[in-house]
Amino acid sequence: EDQVTQSPEALRLQEGESSSLNCSYTVSGLRGLFWYRQDPGKGPEFLFTLYSAGEEKEKERLKATLTKKESFLHITAPKPEDSATYLCAVGGGYNKLIFGAGTRLAVHP
Amino acid sequence: GAGVSQSPRYKVAKRGQDVALRCDPISGHVSLFWYQQALGQGPEFLTYFQNEAQLDKSGLPSDRFFAERPEGSVSTLKIQRTQQEDSAVYLCASSLVSYTEAFFGQGTRLTVV
């Protein structure tokens, strides 16, 4: 059964303190690994898609990497506006996303 | 429109009441998805449409849940005889051709009392 596990559940950082979020997955044939950001009261906002081990993508202070078993979302010198829940998902079947429970990130000034 | 629009934003229903949740996808998007998100959890897949065809409804929790997209644009998720366990945020997403670039709406928060 396809499964996604994210850790930690919650993370508190000081502004400028870099860290990484983990997403481990088991899937029968990876059809993409997705990262989304979700702010309170809003729908998920697409960040990245990764397809193969070794692939990396960057956007501002965020960098996503992928291995055969897990993905990391690295946050460099975070700012308070990076506070949100970060969701990881894998493509399941040909039409659905299977999400993890998310990591709640709080960045304090 | 500029994004995926869902209405209402909030819905309070008495147990046993029927509800209908609406989704207006981005114009021209072929694929439409419904997800259910419980508090503190990630979204869970409910159903998928390609144009007006419902190709996957494997995630619908019971036969009380029904979704339609009769003209291949607006979609409605209907829940009959609501139960307390149906309380959640219902998210709609659309994409041009595949789930890889899906855009989500803000969701409808359903509370069953």
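Cβ-Cβ distances below 7 Å connect the following pairs, each with a first residue in region A:56-73 that is within 22 Å of A:THR26 (Cβ to Cβ), a second residue that is open to solvent by 90 Å² or more (accessible area, probe 1.4 Å), and a separation of six or more residues or different chains: A:ALA64/A:GLU56; A:THR65/A:GLU56. Listed by first and then second residue, the pairs linking a residue in region B:16-45 that is under 24 Å from A:PRO8 (Cβ atoms) to a residue that is surrounded by fewer than 21 Cβ atoms within 10 Å (Cβ to Cβ) and among the acidic types (Asp, Glu), with Cβ atoms under 9 Å apart and 6 or more places separating them unless they lie on different chains, are B:TYR35/B:GLU44; B:GLN37/B:GLU44; B:ALA38/B:GLU44; B:GLY40/A:GLU9. Filtering region A:1-26 to residues that are charged (D, E, K, R) and within 14 Å of another protein chain (Cβ to nearest Cβ) leaves A:GLU1, A:ASP2, A:GLU9. The set of residues in region B:58-70 being open to solvent by 20 Å² or more (accessible area, probe 1.4 Å) and in a loop (DSSP other than H, G, I, E, B) consists of B:SER58, B:GLY59, B:LEU60, B:PRO61, B:SER62, B:ASP63, B:ARG64, B:PRO70. Considering only residues in region B:31-57 that are outside any strand (DSSP E or B) and within 9 Å of chain A (Cβ to nearest Cβ), the one that is surrounded by the fewest Cβ atoms within 10 Å (Cβ to Cβ) turns out to be B:GLY40. Does any residue of region B:79-100 turn out to be more than 10 Å from chain A (Cβ to nearest Cβ), part of a strand (DSSP E or B), without any contact (Cβ under 8 Å) to a residue 60 or more places away in the chain and over 13 Å from the mean Cα position of the chain (by Cα)? Checking region B:79-100: not a single residue is more than 10 Å from chain A (Cβ to nearest Cβ), part of a strand (DSSP E or B), without any contact (Cβ under 8 Å) to a residue 60 or more places away in the chain and over 13 Å from the mean Cα position of the chain (by Cα). Scanning region B:101-111 for residues that are more than 10 Å from every other protein chain (Cβ to nearest Cβ), open to solvent by 10 Å² or more (accessible area, probe 1.4 Å) and under 20 Å from B:LEU39 (Cβ atoms) turns up at least one hit. The single condition among (1) open to solvent by less than 20 Å² (accessible area, probe 1.4 Å); (2) outside any strand (DSSP E or B); (3) of a type in the set (Ser, Thr, Tyr) that B:SER73 does not satisfy is (1).
Residue count for region B:1-15 under the criterion of being out of contact with any helix residue (DSSP H, G or I) (no Cβ under 9 Å at 6 or more places or on another chain) and open to solvent by less than 40 Å² (accessible area, probe 1.4 Å): the result is 3. May I ask you to list the residues in region A:27-49 that are over 16 Å from B:ALA88 (Cα atoms), open to solvent by 60 Å² or more (accessible area, probe 1.4 Å) and at the interface with chain B (Cβ under 8 Å from one of its Cβ atoms)? Scanning region A:27-49 gives A:GLU45, A:PHE46.
The values are calculated or read from the model by the stated rules, or taken from the named source; none is laboratory data. Because the structure is predicted, anything quoted here is derived from the model rather than measured. Methodologically, a virtual Cβ is constructed for each residue, glycine included, from the backbone with ideal geometry; neighbour enumeration extends over all protein chains shown. Side chains are part of the model used for accessible areas, which takes the heavy atoms of the whole protein and leaves out ligands, DNA and RNA. Shrake-Rupley method; radii C 1.70, N 1.55, O 1.52, S 1.80 Å.
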